[in-house]
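Take a look at the structure below.
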Amino acid sequence: RFCVVERMFDDDYKVDSRFLASPHMLQQRFLFAGMVNFALSPFIIVFLTIFFSLKNAQRFHADPRTLSTRSWSLEAKYLFRRYNELPHCFQRRLNKAAPWAEKYVQQFQSPLLSIIARFVSFMCSSMLAVLIAIWLLNEQMMKVDFYFFGIHRNLYWYMGVVAMSLGAARSF
């Protein structure tokens, strides 16, 4: 609208002769609008991401399956379909089978989740080993307050947090 419509018509709502005579001005307005969009795009992306997540947070929390699009493969549909079955009947049977298929798939852990859990477990166990070594060498060092990641606590507190994280990671 800024680039074309506002400059296209005069006060009598007729096409302005200056608009038709100067395509270079239109090109400059498009270039200016493109530069403004490019300069504001990081802020727009952040805003849209926050808006989307806040708008759909309750739905994602109530039903996490909405984040992924699990569907039947073509081979599964071919094997599952009966001879001369009508499409609406077939879709009804697929919808009835979906909860049972979901329960079956939930029996198995995600490979990506298990890799991440093993990594977190490794990092937490190594940090816990260092904290235990510090505790065995000098117990007074454990009572000194340290400032890590914006938190001002002693090493006993950090040892407890790392141990809880290790236990949580090993549950996967």
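Put simply, of Lys96, Lys77 the only residue that is among the basic types (Lys, Arg) and exposed (fewer than 10 other Cβ atoms within 10 Å of the Cβ) is Lys96. When Ala117 is tested against the conditions (1) under 30 Å from Trp72 (Cβ atoms); (2) aliphatic (A, V, I, L, M); (3) open to solvent by 60 Å² or more (accessible area, probe 1.4 Å); (4) in contact with a Ser or Thr (Cβ under 9 Å, 6 or more places away or on another chain), the lone failure is (3). Here Ile132 fulfils each of the conditions (1) of a type in the set (Val, Ile, Thr); (2) over 24 Å from the mean Cα position of the chain (by Cα); (3) within 27 Å of Arg70 (Cα to Cα) apart from (3).
Given the conditions (1) assigned to a strand (DSSP E or B); (2) closer than 27 Å to Arg118 by Cβ, which single one is not true for Leu131? Only one criterion is unmet by Leu131, namely (1).
Annotation note: Cβ proximity below 6 Å between a residue of region 152-172 that is within 17 Å of Met141 (Cβ to Cβ) and a residue that is loosely packed, with under 13 Cβ neighbours inside 10 Å (sequence gap 6+ or interchain) occurs for His152/Asp145; Asn154/Lys143; Asn154/Asp145. Only one of the listed residues (Gln109, Gln140) is touching a residue at least 40 places away in the same chain (Cβ under 8 Å), of a type in the set (S, T, N, Q) and open to solvent by 100 Å² or more (accessible area, probe 1.4 Å). That residue is Gln109.
Is it true that some residue in region 144-151 is more than 30 Å from Lys55 (Cα to Cα) and assigned to a helix (DSSP H, G or I)? Within region 144-151 (the criterion being more than 30 Å from Lys55 (Cα to Cα) and assigned to a helix (DSSP H, G or I)), the answer is no, since none of the residues qualifies. Could you list, in sequence order, the residues of region 140-165 that are among the aliphatic types (A, V, I, L, M) and within 13 Å of Met127 (Cβ to Cβ)? The answer is Leu155, Met159, Val161, Val162, Ala163, Met164.
The values are calculated or read from the model by the stated rules, or taken from the named source; none is laboratory data. As the structure is a prediction and not an experimental result, all values here were calculated from the model. Because the Cβ atoms are built from the backbone with ideal geometry, glycine has one as well, and the counts that use them run over all protein chains shown. Just so you know, the surface numbers come from the protein's heavy atoms only, side chains and all, with ligands and any DNA or RNA stripped out. Shrake-Rupley method; radii C 1.70, N 1.55, O 1.52, S 1.80 Å.
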